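The structure appears right after this line, and notes come after that.
Please treat every number below as a calculation from the coordinates, not as lab data. Note that the structure is a prediction, hence the values are computed from the model and not measured. Positions of Cβ are backbone-derived with ideal geometry, glycine not excepted, and every protein chain shown enters the neighbour counts.
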Amino acid sequence: MVVKKITRENYWNPVVETLPPEQMRALQLKKFKNIVQWAYERSKFHRKLYQEAGLEPGDIKSYEDVARVPKVEKSMMRDIQRKDPFPYGDALCVPLEEVTEFRQTSGTTGSPVYQPDTWQDWEWWAECWAYLLYAQGYRRLDRVFIPFGYNIFVAFWAGHYAAEKVGCEVVPGGVLDTEARILKIQELKATAMMATPTYVLGMADAAKKKLGIEPAKDLTIRKITCAGEPGASIPSTKQRMEEAWGAKVYDHVGATEIGAWGFECTAQPGGLHINEALFLTQLEDIETGEIIEEPGRRGKIVITALDRMAQPCIRFDSKDVAEWAKDPCPCGRTFRVIKGGVVGRADDITKIKGVLIAPSAIEEVVRSISGLSNEFEVVVTKKGDLDDLTLKIELLPDAEGNREPILAQLKDQLRLKTNLGYNIEVHPFNSLPRYEVKAKRFKDLRKHS
């Protein structure tokens, strides 16, 4: 394995990105103690949570003690919002007049959670993103186009400010429609952009079909940072995006309540680095709660934002599922890597016909087969006492003549990769829903059946 020479050019913060593991753990423990003390003293919610668990900040003396701190879940944050001060509730650790930023979660798994940040927190957000953008090769000469409808969701807001912090030129594409965004990219010769995998593929389709533009040949985008969906860590989806745009595609993972905590680097080691300078991340066995340190075992990600002050994120149960990679990344960063990125969510991984499955496994199969469009939908229902699994797909117009071999390949690969059989429905091209932000392709309707 060839490791890059450690220079400022390779790393946003070369000191912390290459810290030996034992020094990193000591730094994380020190920061963790500080944020727990801060929350205990200033947040009614956290103080009550810790007192009910019989825990005081001084009880945290070693890294092993971190797991003694009670976890927080999104449902708890929703309950907090019913209390004063409006609209954030009693997890707020600063006076209301110090809050300068409002964001909220997308509400895909329930009512939205409101997230307050101070100006210092917002600077921290930009710093989180600066680590990842620099690791993905963003530099001062890049012109970054952001095809994002600026709204109350955090999405690429922090990416915008981080790109400026790195020194890039930023072109916001907020209220433009898809075709206008493509034409603006062409006009300004933008070199990089940020979007969900769904929208990256959707833009490429729109460029070809509506404007006669081949992004890989006619546009100058050479770096794409994805977020919001697991697609950029799914090899077949990543390949489709890279071929469509003639660009390198990089994944990133974060959340409104947590921050931008994981990223892929230019070495693309088959996984995502945890930004261990700013986050303390543990994997927890889904059934037993045991902390997993060794590679090869999947667990839930429990994560602490070590420097976020207004509404601290301490031992947050993200529900994301991952496993540690065996080998360090050849980029030279000592930040640990989760193999294959986030492979699913604990609340999305479901049992169908007795088989545990993550929706990302179905996406990997569909996107790996030539002749199928980028869009699909999975619907699970109940017929009597049995699960019924339907996969809706679209054939590309020029693939109609190969319908039977394509469907045969699809069925074989689904059986091989997911151990399940499916009712395959072929829908007319462009008839399935298209999305600009987070796609909702997996629908489990059994509880309504």
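Annotation for region 189-203 versus region 310-377: alpha-carbon center distance of 21 Å.
Over the chain, DSSP H runs of length four or greater, each weighted -39,500 (n - 2.57), average out per residue to a 222 nm ellipticity of -9000 deg cm²/dmol. Between ASN402 and GLU64, full extension at 0.36 nm per residue minus the direct alpha carbon distance yields a gain of 115.9 nm.
Each Cα pair under 8 Å and six or more residues apart adds its sequence gap; the mean of these over the residue count of the chain is a relative contact order of 14 percent.
Give me the percent of DSSP beta bridges within the chain that run antiparallel, rounded to the nearest 5.
The antiparallel fraction comes to roughly 65 percent.
With the simple spin-label model, which puts each label point 7 Å out from Cα in the Cβ direction, the LYS443 to GLU98 separation comes to 4.6 nm. Distances between placed amide hydrogens fall under 5 Å for TRP324 paired with GLY296, ARG297, LYS339, all partners being 5 or more residues away or on another chain.
Each residue of region 172-183 was assigned a 3J(HN,Hα) from its phi angle through the Karplus curve 6.51 cos²θ - 1.76 cosθ + 1.60 (θ = phi - 60°); the sequence is x, x, x, 8, 6, 7, 4, 5, 5, 5, 4, 5 Hz, with glycine and proline shown as x.
Please get the size of the charge dipole for region 269-370, origin at its Cα centre, with Cβ charges of +1 on Lys and Arg and -1 on Asp and Glu, quoted in debye to the nearest 20. Display every interim value, and only then the final one.
Numbers: 14 positive and 16 negative charges, 47 e Å.
The dipole of region 269-370 has a size of about 220 debye.
Looking at region 288-359, the GluC sites (Glu not before Pro) that sit in a DSSP loop and have at most 11 other Cβ atoms within 10 Å of their own Cβ are GLU293. FRET efficiency for the pair GLU22 and TRP119, taken as 1/(1 + (r/R0)^6) with r the Cβ-Cβ distance and R0 = 35 Å, rounds to 0.55.
How much FRET efficiency would the formula 1/(1 + (r/R0)^6) give for ARG140 and ASP177, where r is the Cβ-Cβ distance and R0 is 25 Å, rounded to 0.05? Once rounded, the FRET efficiency stands at 0.25. A simple charge model with +1 on the Cβ of Lys and Arg, -1 on the Cβ of Asp and Glu and nothing else charged puts the dipole of the chain at about 360 debye relative to its Cα centre.
Toward the positive end of the charge dipole of region 266-385, with +1 on the Cβ of Lys and Arg and -1 on the Cβ of Asp and Glu, the farthest Cα among ALA358, ILE291, VAL342 is that of ALA358. Distances between placed amide hydrogens fall under 5 Å for ASN374 paired with no residue 5 or more residues away or on another chain.
Separation of the alpha carbons by more than 21 angstrom is noted, of LYS319/LYS438; LYS238/LYS339; LYS339/LYS411; LYS351/LYS417; LYS31/LYS438, for LYS339/LYS411; LYS31/LYS438.
In what sequence, highest mean first, do 220-228, 116-124, 430-438 appear when ranked by Cβ atoms within 10 angstrom?
On the way: 220-228: 22.2, 116-124: 18.6, 430-438: 14.6.
Packing proxy ranking, top to bottom: 220-228, 116-124, 430-438.
Taking the Cα centre as origin and putting +1 on Lys and Arg beta-carbons and -1 on Asp and Glu beta-carbons, what dipole magnitude results for region 350-448, to the nearest 20 debye? Before the final figure, lay out the partial values.
On the way: 17 positive and 15 negative charges, 105 e Å.
Approximately 500 debye in magnitude.
A simple packing score, the average count of other Cβ atoms within 10 Å per residue, orders the peptides 422-429, 281-288 as 281-288, 422-429, with the highest score first.
A simple spin-label model places pseudo-atoms 7 Å from Cα toward Cβ; at LYS326 and GLU41 they are separated by 4.7 nm.
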